[in-house]
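Read-outs throughout are calculated quantities, based only on the coordinates presented, and are distinct from any laboratory measurement. Keep in mind that what you see is a predicted model, and the values were worked out from it rather than measured. We place every Cβ from the backbone using ideal geometry, glycine too, and count neighbours over all the protein chains shown.
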């Protein structure tokens, strides 16, 4: 099957990029880059993964204590994720402003979409 060349009026599918949209506000760009730098896009998760790996090593000698510590660690990580989610939603909402012109609303929808996508694809 032969591919057709695209002409000037043809629409091309949007390609996902890890680069920020030039229309995004500076803070949004900084927030996006910070999330991308973290494993899974959640702030602080790298630290939790390291702590969990240490607990796995403890399991050999003290299984019950390691599991109890892991439960506490998970509760801590979930609390941090919830705080992060609330802060991100507040940030998006405050970016809309009072009038909420169409461009700001578009950026808000995009941010909410990114937030939903950051929650998907995780093993649970």
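Where does region 41-116 land on the Kirkwood hydrodynamic radius, alpha-carbon pairs, in angstrom?
Details: mean 1/r = 0.0677 Å⁻¹.
For region 41-116, inverting the mean 1/r across all distinct Cα pairs yields 14.8 Å.
On the beta carbon distance between residue 71 and residue 94, with R0 = 25 Å, the FRET formula returns roughly 0.10.
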